[in-house]
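Written out below as structure tokens is the structure these notes cover.
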Amino acid sequence: MNNMGEKKILYENVSMLQKVIEKIIIPLIIKTKIGLWLFTKISHHGALIKENAGSYKSLDIIYSYKRQDTKGENFWSRFYTHLLLNFINAKAVRNRKLVIEKELKKIISSIEKKEINIASLGAGSGEAIIQAMQEFNGNGKIIKSVLVDLSEDALDYSRKLAFNADVVNSMEWICGDLRTFIKNGRKGNFQIVEMAGIGDYFEDKTLQKLILSIYKFLPPGGSFISCNVAPNIEKTFLDKILNWKMVYRSKKELEEIMEQTEFDFKVFPEPLGVHYIIVAQKPNNP
Ligand SMILES: C[S@@+](CC[C@H](N)C(=O)[O-])C[C@H]1O[C@@H](n2cnc3c(N)ncnc32)[C@H](O)[C@@H]1O
């Protein structure tokens, strides 16, 4: 706990040595194709991540990884899995989840209403939302959420997490396209819209249009939390070895996209600088 009574968040770090080693090794393992073999053939988890790149499954493997998960596998599978799940991007995406959860909690605390409704777009497992709800429910606030995702599997998994966290009765799951939900769904009813790990897959025009429709969807004073992967030294590794293709954006590019709306916003990096977090609020008198 810090002196404000808040729990200290343990973000993951990367040493200078790791950065230097990766800068030298990554181009070599890509050129020789050895990386493909080590990280997606020898490493059982690496093969699963590649097979499910960009889905909730790959993220869940990264979010929940513990050394003992690979118990029973051979030494080299365990070794390369451990390396892969401690790559800068793996640490950064876990940091991203922690920052989003923290920002969600900050916004929830700042809203004076007793009942708060959150929409999570491309929710996947919905872990950050579930954690935030768990903290507030029964604590003087009623937090409800709707999770929208194209994948029924992701939503099923999220239901299990919600059940274990005892927030299942305050949640709703919708299987479908998030753009249809924004177009048709309960405009003005959600004080918070969260959308993580989605902008990274949309081209600029599509993302701009989507953010503008979220702006219109929110009531005055409503909040939007999102993020985007930033250019970083592992990009070619993700592209070529894991076949995990994303749209990498700089802070300036994200700011330009956000400036198309009237959101008051800030864009800032998670501690490793691999993801930018966007926290935005629709003005009270737009
Ligand atoms: C990278 S995951 C992110 C999951 C979660 N938000 C997180 O940060 O852990 C992307 C999720 O978005 C979903 N998705 C992708 N395109 C979508 C769309 N057009 N409408 C709804 N869900 C979508 C995928 O099924 C997947 O579960």
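Of the residues making up segment 269-286, those that are farther than 16 Å from N89 by Cα and surrounded by 13 or more Cβ atoms within 10 Å (Cβ to Cβ) are I278, V279, A280, Q281, K282, P286. Contact map, segment 80-109: first residue farther than 19 Å from K50 by Cβ and touching a residue at least 12 places away in the same chain (Cβ under 8 Å), second residue more than 16 Å from the ligand (Cβ to nearest atom) and assigned to a helix (DSSP H, G or I), Cβ cut-off under 7 Å, separation 6 or more or different chains; pairs are K105/E135; I108/F136.
Assess whether S250 counts as being touching a strand residue (DSSP E or B) at 6+ places or on another chain (Cβ under 9 Å) and either loosely packed, with under 14 Cβ neighbours inside 10 Å or not assigned by TED's automatic domain parsing to the domain that holds I192 (or both).
Answer is yes for this residue.
Yes/no per residue for (1) farther than 25 Å from A92 by Cα; (2) surrounded by fewer than 22 Cβ atoms within 10 Å (Cβ to Cβ):
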residue: G176; (1), (2): yes, yes
residue: V193; (1), (2): no, no
residue: Y201; (1), (2): no, yes
residue: K209; (1), (2): yes, yes
residue: E255; (1), (2): no, yes
residue: F265; (1), (2): no, yes
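When R96 is tested against (1) within 12 Å of the ligand (Cβ to nearest atom); (2) in contact with a His (Cβ under 6 Å, 6 or more places away or on another chain); (3) assigned by TED's automatic domain parsing to the domain that holds I21, just one condition goes unmet, and that condition is (3). Output the residues belonging to segment 182-230 that are closer than 26 Å to L98 by Cβ, within 12 Å of the ligand (Cβ to nearest atom) and assigned to a helix (DSSP H, G or I). Hits for segment 182-230 are G199, D200, Y201, L207, L210. A single member of E101, E135, E112, E73 is part of a helix (DSSP H, G or I) and more than 11 Å from the ligand (Cβ to nearest atom), and it is E135. The single condition among (1) at pLDDT 95 or above; (2) surrounded by 13 or more Cβ atoms within 10 Å (Cβ to Cβ) that F237 does not satisfy is (1). For N117, indicate whether it is part of a helix (DSSP H, G or I), in contact with a Phe, Trp or Tyr (Cβ under 6 Å, 6 or more places away or on another chain) and buried (at least 16 other Cβ atoms within 10 Å of the Cβ). So N117 does not fit the description; no. Just one of the numbered conditions (1) crowded, with 19+ Cβ neighbours inside 10 Å; (2) within 15 Å of the ligand (Cβ to nearest atom); (3) more than 14 Å from the chain's Cα centre (by Cα) is not true of L147: (3).
Within segment 20-69, being under 13 Å from K240 (Cβ atoms), more than 12 Å from the ligand (Cβ to nearest atom) and not in a helix (DSSP H, G or I) holds for T32, K33.
The values are calculated or read from the model by the stated rules, or taken from the named source; none is laboratory data. Keep in mind that this is a model prediction, so the values were computed, not measured. Don't worry about glycine lacking a Cβ; one is built from the backbone with ideal geometry, like all the others, and counts go over all protein chains shown.
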